Amino acid sequence: MISGVPAVVWPVKACDWRRWATVCLLLLGLSAGAALGAPLRVAVISDLNGSYGSSRYAPAVHEAVAALVDRHPDLVISTGDMVGGQQLQPLLEQRELAAMWSAFHGAVTAPLARARIPLAVTPGNHDASAYPPFVRERERYGREWMRRRPAVRFVDDADYPFRYAFAMEDVLFVSLDVTRTGRLDPEQRRWLDDLLGGHASRYRHRVVFSHLPIYAFTRGREKEVSGDLELERILVSHGVELYLSGHHHAFFPGYHAGIRYVGQACLGGGPRALIGTRERAAHAITWLEFDDDGLRITALTGRGFAELLPMTDLPASIKGPQVELVRDDLRPAGFSGVGEHGLEQGDRR
């Protein structure tokens, strides 16, 4: 008998071993869920760049990286704008691009690599704009990240580091190449539809991330979106439960049409106010936890990124020009983010 625990008589048959193991855990003061392992923890960072051509990073960037190394998530995702490209007059030269990327890797990539934290990126308009004048910047982005592929299980890496897919545990992650406003090109939508059609059902959770969002989050950027309803239809049809984006420089977890849309705060310059508010958003890291119970979305902010951002500090909804995004904690009852194709039946709309 274990000291302090009364003897228990239980006739154990061969088929009862799971129940017996659970009882033992409970007697030892442990939850049965402890046997299932820890959740998959994912941090999301975005818009770390400063001014055009800058090779310096704000204190918030260094504090955020230190916090990530300390918390050691299983994965870090960057939703774009890691460097300050897209200067039109004059275009940045190769030496300037090299200096910017060297600074980013020194401030962000290298510390995460030393801590053995995979970093998955997606192109932003200041990293790899698809507009014709910035073809050299786009090529540079590709070269920088081809040499720094994250240690993840790729599902499709033919066009890494632009659009690609990988898996960690029971979560499928898909990066989209969205650096221009307006609808995605038909070929990329077909690629996504085919990819999700072939792989989505194998995973409990499905996540898509890009730089520009589908819908607006912040004042002054109401038109800087893809606004792609066909893209949303594809996401819904394949049970994508989470869409992560950058560019709007404010954290907001919203819900629409069975999808949880999360706009990321910036870590660099230019925080913005959410639509319908006046105060500029705080720097923040989005923190995600996936497990058998679903997906939890929070944000870390404050000094050293040690504080949880209260959801009630955010508006109950954002009424943008396209749709209304309801704050995540106020989404319809019964939607867990887990179920057939990631949606409860009542959320198919």
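Check the stretch 145-152 and report whether any residue there is within 18 Å of the chain's Cα centre (by Cα), on the phi < 0 side of the Ramachandran plot and assigned to a strand (DSSP E or B).
Among the residues of the stretch 145-152, not one is within 18 Å of the chain's Cα centre (by Cα), on the phi < 0 side of the Ramachandran plot and assigned to a strand (DSSP E or B), which makes the answer no.
Which one of the conditions (1) at pLDDT 95 or above; (2) over 25 Å from GLU224 (Cβ atoms); (3) in contact with a Gly (Cβ under 6 Å, 6 or more places away or on another chain) does GLU344 fail to meet, given that it meets all the rest?
(1)
What pairs can you find where one residue is in the stretch 44-73 and among the charged types (D, E, K, R), the other is part of a loop (DSSP other than H, G, I, E, B) and loosely packed, with under 15 Cβ neighbours inside 10 Å, and their Cβ atoms are less than 8 Å apart, with a gap of 6+ or different chains?
From the stretch 44-73, the pairs are ASP47/GLY270.
Just give me the residues in the stretch 128-140 being under 29 Å from ARG153 (Cβ atoms) and assigned to a helix (DSSP H, G or I), in sequence order. Walk me through how you get there before you give the answer.
Let us first name the residues in the stretch 128-140 that are under 29 Å from ARG153 (Cβ atoms), namely 128, 130, 138-140.
Matches in the stretch 128-140: ALA128, ARG138, GLU139, ARG140.
From the list PHE305, PHE290, pick out the single residue that is crowded, with 18+ Cβ neighbours inside 10 Å, over 13 Å from ARG260 (Cα atoms) and touching a Pro at 6+ places or on another chain (Cβ under 8 Å). I'd like the intermediate steps shown before the answer.
Numbers: PHE305 fails: touching a Pro at 6+ places or on another chain (Cβ under 8 Å).
Exactly one residue qualifies, and that residue is PHE290.
Pairs, please: C-beta under 8 Å, at least 6 apart or cross-chain, first residue within 20 Å of ALA43 (Cα to Cα) and modelled with pLDDT of 95 or more and in the stretch 153-172, second among the hydroxyl-bearing types (Ser, Thr, Tyr) and part of a strand (DSSP E or B)?
Listed pairs, sorted by first residue: PHE154/TYR164; PRO161/SER175; PHE162/SER175; ARG163/SER175; TYR164/SER175; ALA165/SER175.
Report yes if some residue within the stretch 191-207 is more than 21 Å from LEU242 (Cβ to Cβ), out of contact with any Leu (no Cβ under 9 Å at 6 or more places or on another chain) and not hydrophobic (A, V, I, L, M, F, W, C); otherwise report no.
Within the stretch 191-207 (the criterion being more than 21 Å from LEU242 (Cβ to Cβ), out of contact with any Leu (no Cβ under 9 Å at 6 or more places or on another chain) and not hydrophobic (A, V, I, L, M, F, W, C)), the answer is no, since none of the residues qualifies.
Hey, any hits in the stretch 202-220 for a residue that's more than 27 Å from ALA110 (Cβ to Cβ), part of a helix (DSSP H, G or I) and out of contact with any Gly (no Cβ under 8 Å at 6 or more places or on another chain)? Before the answer, list the steps.
Step one: of the stretch 202-220, the residues more than 27 Å from ALA110 (Cβ to Cβ) are 202-206, 208, 212-220.
If we keep only those that are part of a helix (DSSP H, G or I) too, we end up with 202.
Now drop any that are not out of contact with any Gly (no Cβ under 8 Å at 6 or more places or on another chain), which leaves 202.
Yes, because at least one residue in the stretch 202-220 is more than 27 Å from ALA110 (Cβ to Cβ), part of a helix (DSSP H, G or I) and out of contact with any Gly (no Cβ under 8 Å at 6 or more places or on another chain).
The values are calculated or read from the model by the stated rules, or taken from the named source; none is laboratory data. Here the structure is a predicted model, which means the values were calculated and not measured. In this analysis, Cβ positions are derived from the backbone assuming ideal geometry, glycine residues included, and neighbour counts consider all displayed protein chains.
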